[in-house]
Amino acid sequence: MKLIISAQNPSLEAQVDRRFGRCMWLVLFDTETNQWEAFQNPGASQSGGAGVAAAQFIVDQKAKVVVSGDFGPNASRAFQAAKIEMRRFTDSTTTVQEAVDHFIQDKLLK
Amino acid sequence: MSTQNSRAKQLIILSGKGGTGKTSISAAFAHLNADQEEPRPMVFVDADVDAANLSLVLQPGNLDPKEFWGGSLAEIDPEKCINCGACSAVCRYDAIFPDPKNDQVQWIDPIACDGCAACVYACPEGAISMVRQQEGNWFQSNTPYGTLFHAELFPGRENSGKLVTLIKQQARLYAEDIQSQCVVIDGPPGIGCPVISACAGTDLGLIVTEPSLMGLHDLKRVLGTLRHFHVPSVICINKADIYPEGTRAIREYAAAEGIELIGEIPYDEKVPRAMIEGKPVTVLFPDSFAAKAIQEVWHKTTSLLQLQED
Amino acid sequence: MQIAVASGKGGTGKTTIATSLALSLASLAKVRYFDCDVEAPNGHLFLKPEFSESTPAVIRIPQIQTEKCTACGRCVEVCEFHALAQVGKNILVFPQLCHGCGSCTWNCPENVIVEVPNPIGTLERGMALENIEFFRGLLTISEPMPTPIIRQLKKRVHPQPNTINIYDAPPGASCSVVETLRGVDFALLVTEPTPFGLHDLKQMLGILSDMNIPSGVVINRDGIGDDSLEETLREFNIPVLLRVPFDRALAENLASGRTLVDVYPEYRNALRDLYQQITEIVGGKTK
């Protein structure tokens, strides 16, 4: 299963980014292969509609789950339409790896 | 007390009508927080990015501007333009005219251009391109009272909402780094895009109003906005003794709406005097009527923010 | 003659001056008052119009005729504002992000986009005190974009000779102020002699110089501040057209909805003089 996590840098050790639409990086993690890949968030540089731009990218990646600090109304609508699950970091989620672990342990907030 | 990683509370100060005293009150809050035996680390944001005044009172040192790049505007390459008019036919912003310097080509008025790029696609010659614009600068700076995030939108530019979002997010990340409990946001006037950006995700709205028909009219609109975004709000009346009947009307309105009125600050010429000296009123005139009343409002605000912590 | 009343800083007295200017000129010419502060409009509290017309201010947003849509994604690609997204075969429209530019409509290869009005506010019109024709725009709460409402409000009537249009601008110095200023002959800047007033006035002077619009200043609450405002005005060569001293009794009366010229009738003549000075400045510029 593919999850995408908003992050401040392109690595598993990177701090997560609690901003969704304007996070710098989106880290894609595949729980079946344990492979990961980082993408620059196309929303980060947009003057408007950053949440929709980031959401469109994630929809196009065919991710099943997106993990961030919070989701705006527009991004939420796009994810609902695409049946992509939205999960939120807990207060103790600090790195991308922890976000993955917390997802597997089902600790992330819904 | 809060746990280590919990998010800082965000306080947004709004008014609807401009000039009711948001910034003077925000500045006094900054000083009152710093002036305790054990000041809480706190972060301040001036979200009125096209009339940014908080820094005039908090007086940050060593300003290090960081560029803010907003949207793009369309530009025509006069070498490629064949003056066919396809661009102006699709422009809904009346932004495209014959070039005043050369009426054989079309020209896009950057002041009127909305950046939609419709003309780019309409041009048969590929003569129009979108050019990204630097629309301002933002700053993270140290003041005698804590860290300030503020910005300067270049005059006449769009995207003030995006700039507000940017400095608010920077402030929030920084607040997490220093384990600050609270981010105080001095908001813009009105109810439009920068206000919506400023109140997104905040925990408490403090509406600073004044006892006039105008103050009350605009208070209703800003309260409607805060409610729409589910931000709990309280009211304080500034210059409350200028028009007692107006103050009564606001008290009645607040009671009818079930909104707590947390303070009434009298008109005090010490407030503009402090502003001229570039200092919070609580620093220069701590015993003035206004300073005392602002102190009350600050205490109530902090306790409201902490009450909501549980 | 088209005059915008602006300030930069909020609460300096734009509406106080704009409404009393309108009342002072109403016996000389046909006066139209446009309240362009569509986020927090207050002119009606003083000029007391009876609104006889109300129409929605709309943005035309795309509606995709799904049965004919091939889901090619071209509309999503051309939208600069990310007001469209594609999920499988569906195109989602986000009305609050849409600027109504029409780019998606023109670029759809199948011609399956129609535009439908999405109301974001109202435009009102009515007759006010002393036969002033009053226009007001009102942004709906929670809608982000005031600028299209200002644009539509100003287009309600064409400027005519022997008519004085007064535009009460919003505070600040961003796009909504620029929209108010577009096409005016003169900007009357209402400020106060404080560092905040001065800082924000300088932003306005930057816009006005870019737009090549002449301006003059009204110093309101004269006496509460310092001299730095006047020094700056001399430096920029901006004339001071009127001073209104700070006066607590006046502040109280204004708060109750009375106008400056109602409280102090002598300002009628002062404002007519001010208008005379404006016509001279504008006339001098066009010569």
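Apolar share of the accessible surface for chain B: 49 percent from carbon plus sulfur atoms, 1.4 Å probe. Against the criterion of solvent-accessible heavy-atom surface with a 1.4 angstrom probe, B:PHE44, A:PHE103, B:PHE97 sort, most first, into B:PHE97, A:PHE103, B:PHE44.
With a Förster radius of 30 Å applied to the beta-carbon distance between C:MET127 and C:TYR264, the computed FRET efficiency rounds to 0.75. Taking the centroid of alpha carbons for each part, segment B:115-191 and segment B:253-310 are 28 Å apart. In degrees from 0 to 90, rounded to the nearest 10, what is the angle of the helix B:213-228 Cα long axis to the longest principal axis of chain B? Helix B:213-228 sits at roughly 80 degrees to that axis. Based on DSSP H segments of at least four residues, each scored -39500 (n - 2.57), chain C has a per-residue ellipticity at 222 nm of -10000 deg cm²/dmol.
Between the amide H of C:ASP222 and those of C:VAL244, C:PHE246, distances stay under 5 Å, these residues lying 5 or more places away or on another chain, with hydrogens modeled in the peptide plane.
The A and C chains share an interface that buries close to 1000 Å² of accessible area, total over both sides, probe 1.4 Å.
Applying the Karplus relation 6.51 cos²θ - 1.76 cosθ + 1.60 with θ = phi - 60° to segment C:110-121 yields 3J(HN,Hα) values of 9, 6, 10, 9, 10, 10, 10, x, 10, x, 10, x Hz, where x marks Gly and Pro. Look at the alpha carbon pairs under 8 Å that are at least 6 residues apart: their mean separation over the length of segment A:2-104 gives a relative contact order of 29 percent. For chain A, the fraction of 1.4 Å probe accessible surface lying on carbon and sulfur atoms is 48 percent. Average accessible surface for the protein assembly as shown: 39 Å² per residue, computed with a 1.4 Å probe over protein heavy atoms with every protein chain in place. Between the Cα long axis of helix B:289-307 and the first principal axis of chain B there is an angle of about 80°, rounded to the nearest 10. With the cut-off at under 16 Å, measuring from each backbone N in segment B:34-66 to a point 7 Å along the Cα-to-Cβ line of B:LYS292 picks out no residue. In chain B, the longest principal axis of the Cα atoms and the axis of helix B:160-177 are about 50 degrees apart. Anisotropy class assigned to segment C:58-119 is prolate, per the alpha carbon gyration tensor with a/c at or over the 1.5 cut-off and a/b larger than b/c. Length available on full extension from C:GLN63 to C:ASP273: 0.36 nm per residue minus the Cα-Cα distance, which gives 70.3 nm. Taking amide H as placed 1.01 Å from N in the peptide plane, the amide H of B:LYS239 sits under 5 Å from that of B:ILE265, B:TYR267, each at least 5 places away or on another chain. Taking Lys and Arg as +1 and Asp and Glu as -1, the other residues whose beta-carbon sits under 13 Å from that of B:LYS300 total -3. Going through segment B:1-79, which GluC sites (Glu not before Pro) have at most 15 other Cβ atoms within 10 Å and a DSSP loop state? Of the GluC sites (Glu not before Pro), the ones in loops of segment B:1-79 whose Cβ has at most 15 other Cβ atoms within 10 Å are B:GLU37, B:GLU79. Post the alpha-carbon centroid distance, segment A:61-104 to segment B:26-54, in whole angstrom. Going from one Cα centre to the other spans 33 Å.
Rounded, prolate or oblate: which fits the protein assembly as shown, taking a ≥ b ≥ c as square roots of the Cα gyration tensor eigenvalues, rounded meaning a/c under 1.5, else prolate when a/b beats b/c? Note, shape of the protein assembly as shown comes out oblate. Per-residue accessible area (protein heavy atoms, 1.4 Å probe) orders C:ILE120, C:ILE91 as C:ILE91, C:ILE120, starting from the largest.
Applying a 4.7 Å Cβ-Cβ cutoff to chain C leaves C:CYS36, C:CYS69, C:CYS72, C:CYS79, C:CYS98, C:CYS108, C:CYS175 as cysteine residues with no disulfide-compatible partner. Pairs over the 32 Å Cα-Cα cut-off, from the set A:LYS62/B:LYS66; B:LYS17/B:LYS279; B:LYS220/C:LYS89; B:LYS270/C:LYS30: A:LYS62/B:LYS66; B:LYS220/C:LYS89; B:LYS270/C:LYS30. Just to be sure I understand: if you take the accessible area of chain B alone plus chain C alone and subtract the pair, with a 1.4 Å probe, what total do you get in Å², rounded to 100? Summed over both sides, the interface buries about 5100 Å². Solvent-accessible area of A:LYS62, all protein chains in place: 150 Å² (probe radius 1.4 Å, heavy atoms, ligands and nucleic acids excluded). Taking all protein chains as they are arranged and a probe of 1.4 Å, the heavy atoms of B:GLU260 leave approximately 90 Å² accessible to solvent. Using the rule -39500 (n - 2.57) for each DSSP H run of four or more residues, divided by the residues of chain B, the 222 nm mean residue ellipticity is -11000 deg cm²/dmol. Taking amide H as placed 1.01 Å from N in the peptide plane, B:GLY16 has its amide H under 5 Å from the amide H of B:GLY190, each at least 5 places away in sequence or on another chain. Please state the shape class of chain A: rounded when a/c is under 1.5, otherwise prolate if a/b exceeds b/c and oblate if not, all from the C-alpha gyration tensor. Rounded.
Take the Cα of B:GLU260, step 7 Å toward its Cβ, do the same at C:VAL157, and the gap between the two points is 4.9 nm. When chains A and B come together, the accessible area they lose, probed at 1.4 Å and totalled over both chains, is close to 1000 Å². Per residue in segment B:107-144, which ones lose no less than 50 Å² of accessible surface when going from chain alone to all protein chains (1.4 Å probe)? The answer is B:ILE111, B:CYS116, B:TYR121 - residues whose exposure falls by at least 50 Å² when every protein chain is included. For the pair segment C:167-190 / segment C:93-132, the C-alpha centres are spaced 22 Å from each other. Taking a Cβ cut-off of under 11 Å around C:GLY121, the surrounding Lys, Arg, Asp and Glu residues balance to a net charge of -2, with basic ones at +1 and acidic ones at -1. Neighbours of A:PHE39 by Cβ distance under 15 Å: Lys/Arg scored +1, Asp/Glu scored -1, total -1.
The values are calculated or read from the model by the stated rules, or taken from the named source; none is laboratory data. Note that the structure is a prediction, hence the values are computed from the model and not measured. When we count neighbours, we look across all protein chains shown, and the Cβ atoms used for this are built from the backbone with ideal geometry, even at glycine. Side chains included, ligands, DNA and RNA excluded: accessible areas come from the protein's heavy atoms. Shrake-Rupley method; radii C 1.70, N 1.55, O 1.52, S 1.80 Å.
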